[in-house]
Amino acid sequence: MGLKWKSDKHINIIVVIFGVLGLMAEVCNGGITSNYVRNDDLGRDMPLDSDVFRVPPGYNAPQQVHITQGDHVGKGVIVSWITPDEPGSSTVVYWAENSEVKHSAQGIILTYKYFNYTSGFIHHCTIHNLEFDTKYYYEVGIGNTTRQFWFTTPPSVGPDVPYTFGVIGDLGQTHDSNRTLTHYELNPAKGQTVLFVGDLSYADDYPFHDNARWDTWGRFVERNAAYQPWITTVGNHEIDFAPHLNETKPFKPYTNRYHVPYKAAHSTSPLWYSIKRASAYIIVLSSYSAYGKYTPQYKWLEKELPKVNRTETPWLIVIMHCPLYSSYVHHYMEGETMRVMYEKWLVEHKVDVVFSGHVHAYERSERVSNIAYNIVNGLCNPISDQSAPVYITIGDGGNLEGLVTEMTEPQPSYSAYREASFGHGIFDIKNRTHAYFSWHRNQDGYAVEADSLWFHNRYWKRFQESSVAAL
Ligand SMILES: [Fe+2]
């Protein structure tokens with residue numbers, strides 16, 4: 001009996017030791033939670049008389065000029081702007097840097113009302129059949145109030161074309177927003193196109209969804225968005241659904257102001273679409289449109305993913321507003337239903353990276369998947385999966401709602417790095433096999449990388465590995 005008791009005691013001690021070790025392993029299992037603690041003052045809007053919001057001089061001068069890709073491959077550009085006083089001209093005059101020949105394209109004019117607000121005259125003009133890799137100047141407006149800008153078209157689509165994307169989310173129009181945009185502009189990596197992961201102006205945070213705040217935001221970002229395309233997805237602040245104001249058409253301000261080339265991607269809605277740009281295939285999804293089985297977005301994505309030819313565009317990037325993996329307390333698990341629907345496809349099709357916003361902080365995941373669960377098998381934990389994308393939450397553009405600092409503890413094993421600071425990202429594609437991602441905080445110098453990761457392309461990686469194995 002004594003011997004039995006002793007061995008039981010030993011077993012108990014061993015169990016306790018292993019239990020403690022197990023707990024420690026669990027606690028230590030996650031990645032890095034930065035110990036940088038930013039003060040969590042709410043962001044303050046820039047005053048309305050700030051120079052960033054200045055109305056350009058001259059009668060009916062075009063304002064809020066912004067561009068985005070205008071076709072599926074990068075030979076088209078959509079130019080959008082607003083004239084405040086009268087419709088004016090919807091023509092864009094444009095010419096290549098090295099050419100005397102001027103061309104023109106004719107656009108359309110829209111207006112909309114939202115509660116007690118009436119918009120200016122919103123112009124959208126698509127320019128087609130541009131040359132790849134060419135700098136173009138363009139001019140909008142008439143008479144004494146023409147304004148001139150420029151953009152550079154991307155190189156022809158191909159597998160080894162280097163290209164640099166900026167990644168910005170949840171921007172708003174505070175002093176922090178301005179710091180984020182300035183840091184992006186002055187980043188020596190020189191982003192060529194912005195992937196914007198939703199929540200643009202935060203106009204809906206003001207009384208009656210004050211749509212004049214869409215105008216101030218448009219003037220604020222013009223200094224960048226008129227010169228390089230912003231590829232936008234919608235966030236919850238674009239929904240603008242307000243039955244108490246008798247405004248029941250979701251996304252009304254956004255869809256009037258921001259046009260995207262969704263028809264070229266065979267989509268039936270501007271809220272989800274795709275483009276090719278250089279060596280990247282970018283799929284834009286809407287977290288706030290129906291995505292269940294049989295819905296238009298589901299059917300579109302189901303057909304879209306198999307179309308991606310990774311020998312032409314090796315880098316498969318998905319942007320959506322609500323993250324599928326986030327370990328912050330705020331908005332925790334809000335992306336869960338979409339994860340259940342689409343994660344399996346993202347893994348099957350070896351998506352390289354998913355960029356999201358919504359959570360006002362930064363987080364980068366490990367490559368994990370959680371797709372084995374079938375109700376009865378109990379397999380419902382994220383596991384390491386080299387076919388899975390890296391999920392990057394970058395909703396830290398800096399808006400009036402401030403940062404979220406509360407994190408779930410312990411840091412889960414799927415979370416590689418997390419920090420509540422404002423900033424932006426750079427996704428720098430080098431060739432078909434390698435891309436470099438860096439996250440830049442506003443409190444650092446322009447070239448400082450607070451977090452970074454080399455990406456090995458998910459499609460080409462297996463060929464690299466098999467060639468190494470054959471050596
Ligand atoms: Fe959001």
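Laid out as a table, the results:
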read-out: Test for Asn457: is it away from the ligand (no atom under 16 Å from the Cβ) and in contact (Cβ under 8 Å) with a residue 40 or more places away in the chain; value: yes
read-out: Some residue of the stretch 386-393 being of a type outside the set (S, T, N, Q), closer than 18 Å to Cys322 by Cβ and surrounded by fewer than 20 Cβ atoms within 10 Å (Cβ to Cβ); value: no
read-out: Considering residues of the stretch 384-411 that are assigned to a strand (DSSP E or B) and farther than 16 Å from Ser356 by Cβ only, the residue nearest to the ligand (Cβ to nearest atom); value: Met407
read-out: Every pair of residues 6+ apart whose Cβ atoms lie under 9 Å, when the first sits in the stretch 232-248 and is over 16 Å from Ile394 (Cβ atoms) while the second is loosely packed, with under 15 Cβ neighbours inside 10 Å; value: Asp240/Lys249; Phe241/Thr248; Phe241/Lys249; Ala242/Thr248; Leu245/Asn116
read-out: Members of the stretch 396-419 found to be open to solvent by less than 30 Å² (accessible area, probe 1.4 Å) and without any contact (Cβ under 8 Å) to a residue 24 or more places away in the chain, listed by number; value: none
read-out: Which listed residue is modelled with pLDDT of 95 or more and more than 21 Å from Trp439 (Cβ to Cβ), from Ser365, Ser369; value: Ser369
read-out: Some residue of the stretch 217-226 being more than 27 Å from Arg179 (Cβ to Cβ) and basic (Lys, Arg); value: no
read-out: Test: residue in the stretch 190-207 that is surrounded by fewer than 21 Cβ atoms within 10 Å (Cβ to Cβ), at pLDDT 95 or above, in contact with a Gly (Cβ under 8 Å, 6 or more places away or on another chain) and of a type in the set (Lys, Arg); value: no
read-out: Residue match in the stretch 89-100 (condition: open to solvent by 10 Å² or more (accessible area, probe 1.4 Å) and touching a Gly at 6+ places or on another chain (Cβ under 6 Å)); value: no
read-out: Pairs, first in a strand (DSSP E or B) in the stretch 340-362, second more than 16 Å from the ligand (Cβ to nearest atom) and modelled with pLDDT under 95, C-beta under 9 Å, six or more apart; value: Tyr362/Ser34
read-out: Subset tally (residues that are of a type in the set (A, V, I, L, M) and in contact with a helix residue (DSSP H, G or I) (Cβ under 9 Å, 6 or more places away or on another chain)) for the stretch 248-289; value: 6
read-out: Residue list for the stretch 274-310, filter: of a type outside the set (D, E, K, R) and in contact with a His (Cβ under 9 Å, 6 or more places away or on another chain); value: Ser274, Ile275, Leu285, Ser286, Ser287, Tyr288, Trp300, Leu305, Pro306, Val308
read-out: The lone exception for Ala447 - which of (1) buried (at least 20 other Cβ atoms within 10 Å of the Cβ); (2) touching a Pro at 6+ places or on another chain (Cβ under 6 Å) it fails; value: (1)
read-out: Selection from the stretch 391-428 of residues that are in contact with a Pro (Cβ under 6 Å, 6 or more places away or on another chain) and more than 17 Å from Gly169 (Cα to Cα); value: Tyr414
read-out: The stretch 363-383 - residue that is touching a residue at least 24 places away in the same chain (Cβ under 8 Å) and among the small types (Gly, Ala, Ser) and, of those, surrounded by the fewest Cβ atoms within 10 Å (Cβ to Cβ); value: Ser369
read-out: Residue count, the stretch 225-268 (criterion: open to solvent by 20 Å² or more (accessible area, probe 1.4 Å) and under 21 Å from Lys303 (Cα atoms)); value: 5
read-out: Output for the stretch 175-196, where each listed residue is of a type in the set (Ser, Thr, Tyr), more than 15 Å from the ligand (Cβ to nearest atom) and farther than 21 Å from Ile283 by Cβ; value: Thr180, Thr182, Tyr184
read-out: Residue within the stretch 163-170 that is among the polar types (S, T, N, Q) and either touching a Cys at 6+ places or on another chain (Cβ under 8 Å) or under 22 Å from Gln228 (Cβ atoms) (or both) present; value: yes
read-out: Filter result for Glu334 (out of contact with any strand residue (DSSP E or B) (no Cβ under 6 Å at 6 or more places or on another chain), in contact (Cβ under 8 Å) with a residue 24 or more places away in the chain and under 25 Å from Leu171 (Cβ atoms)); value: yes
read-out: Verdict on Asn381 being part of a loop (DSSP other than H, G, I, E, B), at pLDDT below 95 and farther than 22 Å from Leu305 by Cβ; value: no
read-out: Residue in the stretch 149-168 that is within 16 Å of the ligand (Cβ to nearest atom) and assigned to a loop (DSSP other than H, G, I, E, B) present; value: no
read-out: Members of the stretch 335-357 that are touching a Lys or Arg at 6+ places or on another chain (Cβ under 8 Å) and crowded, with 19+ Cβ neighbours inside 10 Å; value: Lys350, Val351, Asp352
read-out: Among (1) open to solvent by 40 Å² or more (accessible area, probe 1.4 Å); (2) among the hydrophobic types (A, V, I, L, M, F, W, C); (3) part of a strand (DSSP E or B) - the single one Phe132 does not satisfy; value: (3)
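The values are calculated or read from the model by the stated rules, or taken from the named source; none is laboratory data. Since the model is a prediction, treat every value here as computed from it, not as a measurement. Glycine gets a Cβ as well: all are built from the backbone with ideal geometry, and neighbour counts include every protein chain shown. Areas reflect the complete protein model, heavy atoms only, side chains present, ligands, DNA and RNA absent. Shrake-Rupley method; radii C 1.70, N 1.55, O 1.52, S 1.80 Å.
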